[in-house]
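What follows is a set of notes on a single structure, which appears directly below.
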């Protein structure tokens, strides 16, 4: 597949794709990685050259607890796991919930999927 076709299928610019391939852009969002995997007909794990199931090593315990409580899609969990403020991440499920809701509310045109109607 040509780079232009892949970029179009993944809904990203060819420049960004080039930066990803060249290592200039190092931390694509989980959504971008998922789009690329879909466009290439592979899985995110294969695209990232990871064994399935190894992502739990990089997911903080509190985030994993929050994600399980609200049945979050894995792509949302991976996106949240990349967030840091001055190198730190929330250390309580409630803080992850607040962060997730804040992101959800700030992106009305791109709703984050996942059942959020249940009470903790």
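Of note:
- Scanning the stretch 2-11 for residues that are without any contact (Cβ under 8 Å) to a residue 24 or more places away in the chain and crowded, with 18+ Cβ neighbours inside 10 Å yields a single hit, 7.
- If you go through the stretch 71-99 and keep only what is closer than 19 Å to residue 43 by Cβ and part of a helix (DSSP H, G or I), you end up with 74, 75, 76, 77, 78, 79, 81.
- Check on residue 61, modelled with pLDDT of 85 or more and either within 29 Å of residue 9 (Cα to Cα) or in the same structural domain as residue 101 (by TED's automatic domain parsing) (or both): yes
- Residue in the stretch 41-57 that is within 21 Å of residue 107 (Cα to Cα) and in contact with a helix residue (DSSP H, G or I) (Cβ under 8 Å, 6 or more places away or on another chain) present: no
- Every pair of residues 6+ apart whose Cβ atoms lie under 7 Å, when the first sits in the stretch 18-32 and is on the phi < 0 side of the Ramachandran plot and assigned to a loop (DSSP other than H, G, I, E, B) while the second is at pLDDT 80 or above and surrounded by 13 or more Cβ atoms within 10 Å (Cβ to Cβ): 25/16; 25/19; 28/20; 29/79
The values are calculated or read from the model by the stated rules, or taken from the named source; none is laboratory data. All figures in this text were calculated on a predicted structure; none of them were measured in a lab. We place every Cβ from the backbone using ideal geometry, glycine too, and count neighbours over all the protein chains shown.
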